[in-house]
Amino acid sequence: MLAAIRLQQQHCHDFILLERSAELGGTWQINTYPGAEVDIPTSLYSISFIPYPFKKTFAPQSELLAYMNHIIEKFDLRKQAKTNQTVTKLTYDESESLWRVETASGERYNARFIIDTSGVLANPHIPDIKGAKTFKGAKFHAGHWDHSVSYEGKRVGVIGSGCSGAQIVPAIADKVSRLTLFMGKAQWVLPRSDRHYSAIERFVRTLPGIRHLIRLLVFIFYDIRFIAFRRYPGISIISRLMKSYYRRRQQKHLDKYIKDDKLRQHMMPDYELGCRRVIPSNNYLPALAKENVDVDISGIECITPTGIKTKDGKEIPLDIIVYATGYYAYSNMKKALTFQVYGLGGRNLNSEWENEAVSYKGITVAGYPNYFKVNGPNTGSGHSSQISYMQVATDYITQAIAAVKQDKSIKAIDAKQELQDRYVAEMRQKMQKTVWQNATVTAFYRKNMSEEVTSLSPEPVTGFIFSRKWFHLSDYNLLK
Ligand SMILES: Cc1cc2nc3c(=O)[nH]c(=O)nc-3n(C[C@H](O)[C@H](O)[C@H](O)COP(=O)(O)OP(=O)(O)OC[C@H]3O[C@@H](n4cnc5c(N)ncnc54)[C@H](O)[C@@H]3O)c2cc1C
């Protein structure tokens, strides 16, 4: 949607948005699980030039979806969209310098430029648990919440205690008869400043000068936290102080709500702050302390027809099992990418990225002319708003398209291999200094969950902006 708006603003209207869902809106249209909300204040998790009178600091899914719909209406995006169109294959036709686009419905399109905004966290990850098929109750992934199944008064098991699990548990705890959380590794869970805005404040917060100032302050507050995530020479003391402050804060938060010694110890991470996405929440720990909520930390042995058997021998009867087990990011390229991409000489991006997820600036890839990716490898945010990274990428892409269109002799641009190699080497070097690359924990942002970091950016947003703010045609081979 952001790319479409930027194209419109450049008076480029000859494009089509292909969406596999029945509606536009992406993440916040698809993820409707109870408690779903953003973990970054909306003053930053919003498009910088499209204000909206959000009702609270961390907006729930319903409000984010309303924001998406506001954008769709404002820019009349449905006019240029085709929904229920699942792209299956992109093939670069060298003789015509065109991309041939295939879809599951059989419709075909030709495009000079491709902007791939198919998302990173688009495909739910469901672990292969012994006996899962035998379960007689309802079971579904958080990302595909089955609203036809009522959870009120039911015995519900939530598998997974990452960002979505930590949102679902407090949202449903009071309505279910019994809730069991099957907790994985400890997470960093920190209290946050969240509040509702009055009608006047909502209006004032959308006024140009004030809105920009608030956004800047929140931007700085979040980006400065990057110091804790990457080792910078000369300021390691600041990083250590930040980490020890957050460790104390987490301990205090745990001491206040988790009375069970074993659980409290389990919930204190034995890895550095930020190795897994920090969960900002005020209601998750209090929910765990509720009388009808149990937490299993022994692990799942298997799923049975009537519930879940744990490794410490308990049999927990359940009516509903919810997989809050996340998504395939670039941990598993086969599952994360939703269509095949064939570039120059029949090269296949999917198999190349399964081997090594390389790109130029996380946006273009040598060998794939006029193909642009938003949220490509190593452009994920581990500490701030993903929208900031996406805005930078879409601005870069629309600059690139304008430059190619302006010079009539150029048919396509292809990232220079030597520049891409240099960029990849530089990213890897920076990544070595981050908490993610050196962590012993498994995470969705690593190749095969434990190897090279393929999703997250080793740069703070500020660095990301300045290294991509200006598109240079000279970085590309010009195909004429
Ligand atoms: C539950 C959840 C919570 C999140 N919370 C936060 C947060 O708090 N803060 C943050 O910074 N980030 C968060 N994110 C990350 C979030 O994905 C990004 O912030 C942002 O929404 C990504 O936008 P996108 O347009 O790249 O992808 P998406 O929003 O995922 O949109 C991709 C779209 O492409 C469509 N699509 C995919 N494949 C095809 C295909 N083959 N053919 C046609 N259409 C296709 C999908 O249906 C989808 O509509 C969250 C992600 C999830 C899943």
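Throughout, read-outs are computed from the coordinates displayed, never taken from laboratory work. Please read these numbers as outputs of a predicted model, since none were measured by experiment. Counting neighbours? That spans all protein chains shown, and the Cβs are built from the backbone with ideal geometry, glycine included.
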Quick one: if the Förster radius is 22 Å, what FRET efficiency do ILE235 and GLN432 give, using the C-beta to C-beta distance and rounding to 0.05? 0.80
Rounded FRET efficiency, nearest 0.05, which uses the C-beta distance separating SER351 from GLN251 and R0 of 35 Å: 0.15
Length added when fully stretched, ASP146-LYS175, from 0.36 nm per residue minus Cα-Cα: 8.8 nm
Could you tell me the largest-minus-smallest coordinate of the C-alpha atoms of the chain on each of the three principal axes, in descending order and whole angstroms? 71, 52, 46
Report the charge-dipole magnitude of region 367-445 in Debye, nearest 20, computed about the Cα centre from +1 at each Lys and Arg Cβ and -1 at each Asp and Glu Cβ. 20
For a quick check: with amide H placed at 1.01 Å from N, whose amide H comes under 5 Å from TYR360's, ignoring anything fewer than 5 positions away on the same chain? VAL365, ALA366
Using +1 on the beta carbon of Lys and Arg, -1 on that of Asp and Glu, and nothing else charged, what's the dipole of the chain about the Cα centre, debye to 20? 960
Once the Cα atoms of helix 163-172 and of the chain are each reduced to a long axis, what angle between those two axes, in degrees from 0 to 90 to the nearest 10, is obtained? 50
Determine the sum of side-chain charges near PHE226: Lys and Arg each +1, Asp and Glu each -1, restricted to other residues whose C-beta is under 12 angstrom from that of PHE226. +3
Over the chain, what is the relative contact order in whole percent, taking alpha-carbon pairs under 8 Å and six or more residues apart? 20
Where the Cα atoms of region 21-176 are projected onto their three principal axes, how long is each span, largest first, in whole Å? 61, 45, 24
Inter-probe distance in nm under a simple model that places probes 7 Å from Cα toward Cβ, at GLU23 and SER62: 1.3
Considering only DSSP beta bridges where both residues belong to the chain, give the percentage that are antiparallel (nearest 5). 50
Helix 236-257 versus the longest principal axis of the chain: what is the Cα-based angle in degrees, 0 to 90, to the nearest 10? 40
Any trypsin sites (Lys or Arg not before Pro) in region 401-464 that lie in a DSSP loop and have at most 10 other Cβ atoms within 10 Å would be LYS408
For region 76-187, the dipole about the Cα centre with charges only on Cβ (Lys and Arg +1, Asp and Glu -1), to the nearest 20 debye, works out at 620
How much net charge surrounds GLN187 when only the other residues with a Cβ under 10 Å from the Cβ of GLN187 are counted, with Lys and Arg +1 and Asp and Glu -1? +3
Using Cα pairs under 8 angstrom and six or more residues apart, how large is the relative contact order of region 169-267, in percent? 32
Average the reciprocal distances over every distinct pair of alpha-carbons in region 13-67, invert the result, and give the Kirkwood radius in Å. 12.5
For region 122-267, the fraction of alpha-carbon pairs in successive 10 Å shells from zero, as %: 8, 25, 27, 27, 12, 2
May I ask you to list the residues of region 48-62 whose amide nitrogen lies under 20 Å from a point 7 Å from Cα along the Cα→beta-carbon direction of SER198? 53-58
What length, rounded to one decimal in nm, is gained on full extension from LYS130 through to TYR271, with 0.36 nm per residue of separation minus their alpha-carbon distance? 47.9 nm
Applied in sequence order to region 465-476, the curve 6.51 cos²θ - 1.76 cosθ + 1.60 (Karplus, θ = phi - 60°) yields integer Hz couplings, x standing for Gly and Pro, of 4, 5, 7, 10, 5, 10, 7, 10, 4, 5, 7, 10
Virtual spin-label span in nm between ALA289 and PHE466, 7 Å along Cα→Cβ: 4.5
Which one, TYR371, TYR257, ILE387, projects farthest toward the positive side of the charge dipole computed for the chain from Cβ point charges (K/R +1, D/E -1)? TYR257
Kirkwood Rh, angstrom, region 254-312 [1 / mean 1/r, Cα pairs]: 13.6
Mean separation of Cα pairs under 8 Å and 6+ residues apart, divided by the residue count of region 41-180: what relative contact order is that in percent? 11
If you fit an axis through the alpha-carbon atoms of helix 417-431 and take the longest principal axis of the Cα set of the chain, what angle between them do you get, 0 to 90°, nearest 10? 20
